[in-house]
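Chemist: Would you mind keeping the following structure in view while I ask a few things?
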Amino acid sequence: MDFALATRRGRVGTVVEVAGELDMSTTSRLRDGLLEVVASGARVVVVDLTAVRFMDSSGLGALVVAYKELRARDGWLGLAGVQPPVRKVLSVTSVDRVIESFDTVQDAEEACPATP
């Protein structure tokens with residue numbers, strides 16, 4: 001199963017680009033990568049899910065853990081490029097009411113609070 005995670009500096013924070021499927025076999029890599037970004041001092045994180053084809057509840061859990069860690073540090077987490085199968089998981093669990101989703105990374109960066 002292909003999975004890739006890369007981080008880069010965005011316009012207002014850190015962009016975490018994720019590709020592949022988020023399931024029990026790959027979620028730990030996502031969680032660890034996001035927590036490493038937060039531990040390094042990032043306060044604004046955009047997770048680019050454009051290339052994620054599938055996400056189960058374990059992937060959802062990794063995003064929620066990162067969201068809570070950032071909130072505890074007065075930070076902000078946004079999701080970008082959420083594909084229909086992933087959007088459905090976010091919607092069914094009502095996580096989409098807590099973690100904001102945007103069409104593009106640029107949209108997420110523009111919506112980020114100026115001072116999280």
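The values are calculated or read from the model by the stated rules, or taken from the named source; none is laboratory data. All of these numbers come straight from a predicted model, not from anything done at the bench. Heads up, the Cβs are rebuilt from the backbone with ideal geometry, glycines too, and the neighbour counts pull from every protein chain shown.
Chemist: Could you check segment 85-100 and list, in sequence order, the residues that are in contact with a strand residue (DSSP E or B) (Cβ under 7 Å, 6 or more places away or on another chain) and closer than 17 Å to Gly75 by Cβ?
Modeler: Residues satisfying the conditions are Ile99, Glu100.
Chemist: Sticking with this structure for a sec: Looking only at segment 9-56, count how many residues are loosely packed, with under 15 Cβ neighbours inside 10 Å, assigned to a helix (DSSP H, G or I) and among the small types (Gly, Ala, Ser).
Modeler: 2
Chemist: Moving on. Restricting attention to segment 72-116, and to residues there that are of a type in the set (S, T, N, Q) and assigned to a loop (DSSP other than H, G, I, E, B), which single residue is modelled with the lowest pLDDT?
Modeler: Only one residue fits best here, namely Thr115.
Chemist: Okay, next question. Taking segment 43-70 on its own, how many of its residues are touching a Gly at 6+ places or on another chain (Cβ under 6 Å) and either among the small types (Gly, Ala, Ser) or farther than 15 Å from Gly13 by Cα (or both)?
Modeler: Selection size over segment 43-70: 2.
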